[in-house]
1. Test of understanding: ordering R95, R27, R35 by Cβ neighbours within 10 Å, fewest first, what list do you get?
2. Give the calculated FRET efficiency between L66 and D91 to the nearest 0.05, with a Förster radius of 30 Å applied to their Cβ-Cβ distance.
3. Among the lysines, select those whose C-alpha is under 22 Å from the C-alpha of K109, and discard any that sit fewer than 8 residues away in the same chain.
4. Taking the Cβ of each residue in V52, V26, V31 as the centre, tally the other Cβ atoms inside 10 Å and list the residues starting with the fewest.
5. Which net charge results for the neighbourhood of D81, defined as the other residues with beta-carbon distances under 9 angstrom from its beta-carbon, given Lys and Arg at +1 and Asp and Glu at -1?
6. Would you order K39, K109, K63, K77 from fewest to most other beta-carbon atoms within 10 Å of each residue's own beta-carbon?
7. Mind sorting out which of [x] 91; [y] 146; [z] 108 is the real volume of the Cα convex hull per residue in Å³ computed from the coordinates?
Amino acid sequence: MTLSYALTVPGSLLTTNRERAGSRYVRAAVVAEWRRTAKIMTLVAQIPRLEVVRVEFFPIQAKGRLADAGAHLPSAKAVLDGVVDAGVLEDDDPRYVNSITMHSPTRAKKHDELTIVLYPVTP
């Protein structure tokens, strides 16, 4: 059995296309909310400090046509930054995150969510 830590963060999924088309101020507010929510949820979950991880993201999309597998990367980056802000990782650079996998979104019944799974790896 592989050790992992999973966290499902609610929020309005931000796609790369929406990020490019919108105002930088609106983008900043959406990203800040993802980051803040992820930090709080990480602290509540009491995920321990991890040295090096591989990361998987599972977008759960409530509305519209399901996006491409990598479309929700802006939300994923903000969630990972929130995990770093919570002190679980020193940083999200290659010394601490050796891979990131974005899965295709699945359909949600009520609201958007993004699940992050952290897998500790031996440095």
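1. R95, R27, R35
2. Efficiency, rounded to the nearest 0.05: 0.40.
3. Answer for K109, where 22 Å is the Cα cut-off: K63, listed by chain and number.
4. Final ranking by Cβ density, sparse to dense: V26, V52, V31.
5. +1
6. The fewest-first ordering by Cβ neighbours comes to K109, K63, K77, K39.
7. Here volume of the Cα convex hull per residue in Å³ agrees with entry [z].
Here, each number is a calculation from the coordinates, and none is a lab measurement. The structure presented is a predicted model; accordingly, all values stated were derived computationally and were not measured. Using ideal geometry, Cβ is built from the backbone for each residue, glycine included, and neighbour counts are taken over all protein chains shown.
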